[in-house]
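Contents: one structure, followed by commentary.
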Amino acid sequence: MISKQLAEALNTQMNFEFDSANLYLSMSAFAEGKNYPGAAHWFRKQVHEEQEHAMKMYKYLVSVGEKVTIKGMPDPETEFAGYVDLFKKALEHERIVTSRINNLIEIAQANKDFAANSFLQWFVDEQIEEEENLNNILDRLALTDNSAISIVMMDDRLASR
Ligand SMILES: [Fe+2]
Ligand SMILES: [Fe+2]
């Protein structure tokens, strides 16, 4: 049996994952407008991942007999300083997600909820991947001081995600 505290925290995180999808869709739209089809494609893929993260939590709440409550989304950021800024902001966002997942695990462990603890481990691994992907993109761009040519080459590479 899941505690009310943990069920509410998971429901909040589920909504935050949907917000993340919306933020990445906004980043994709920004990239489209600036003629960066690779980044637009990459962020669109990320939208689907975030929706999957949210749905994993949705299904977990249903499995343990809790009510799922879908909330309204805040307006995502729509303006970014440029190509590199998109990925910097995405990394900042994922770091927030990581700390939120860690916080959920602390609640699960404090409640001795071993099932929720096990369920949340998937997200621990996923957050390593999410941060690594963004760090790789940013490190690669930084190798050439974020030059125009490296941005174009990166954009071609991201198109094949
Ligand atoms: Fe996520
Ligand atoms: Fe991922």
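Computed from the coordinates by the stated procedures, all read-outs in this text should not be read as laboratory data. Bear in mind the structure is a predicted one, so any value in this text is a computation, not a measurement. Here the Cβ is made from the backbone with ideal geometry for all residues, glycine too, and neighbour counts use every protein chain on show.
Values computed for the structure shown
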quantity	calculated
Residue in region 3-20 that is part of a loop (DSSP other than H, G, I, E, B) and either within 14 Å of the chain's Cα centre (by Cα) or surrounded by 15 or more Cβ atoms within 10 Å (Cβ to Cβ) (or both) present	yes
Residue that is surrounded by the most Cβ atoms within 10 Å (Cβ to Cβ), among those in region 43-62 that are of a type in the set (Lys, Arg), farther than 16 Å from residue 76 by Cα and within 16 Å of ligand 2 (Cβ to nearest atom)	56
Options 40, 31: the member that is buried (at least 20 other Cβ atoms within 10 Å of the Cβ) and either within 26 Å of residue 106 (Cβ to Cβ) or over 16 Å from the mean Cα position of the chain (by Cα) (or both)	31
Count of region 117-151 residues which are loosely packed, with under 11 Cβ neighbours inside 10 Å, away from ligand 2 (no atom under 16 Å from the Cβ) and assigned to a helix (DSSP H, G or I)	4
Residues satisfying the stated conditions in region 93-109, i.e. more than 18 Å from residue 55 (Cβ to Cβ) and either within 16 Å of ligand 2 (Cβ to nearest atom) or in contact with a helix residue (DSSP H, G or I) (Cβ under 9 Å, 6 or more places away or on another chain) (or both)	93, 94, 95, 96, 98, 102, 103, 105, 107, 108, 109
Any hit, region 75-96, residues being in a loop (DSSP other than H, G, I, E, B) and within 16 Å of ligand 1 (Cβ to nearest atom)	yes
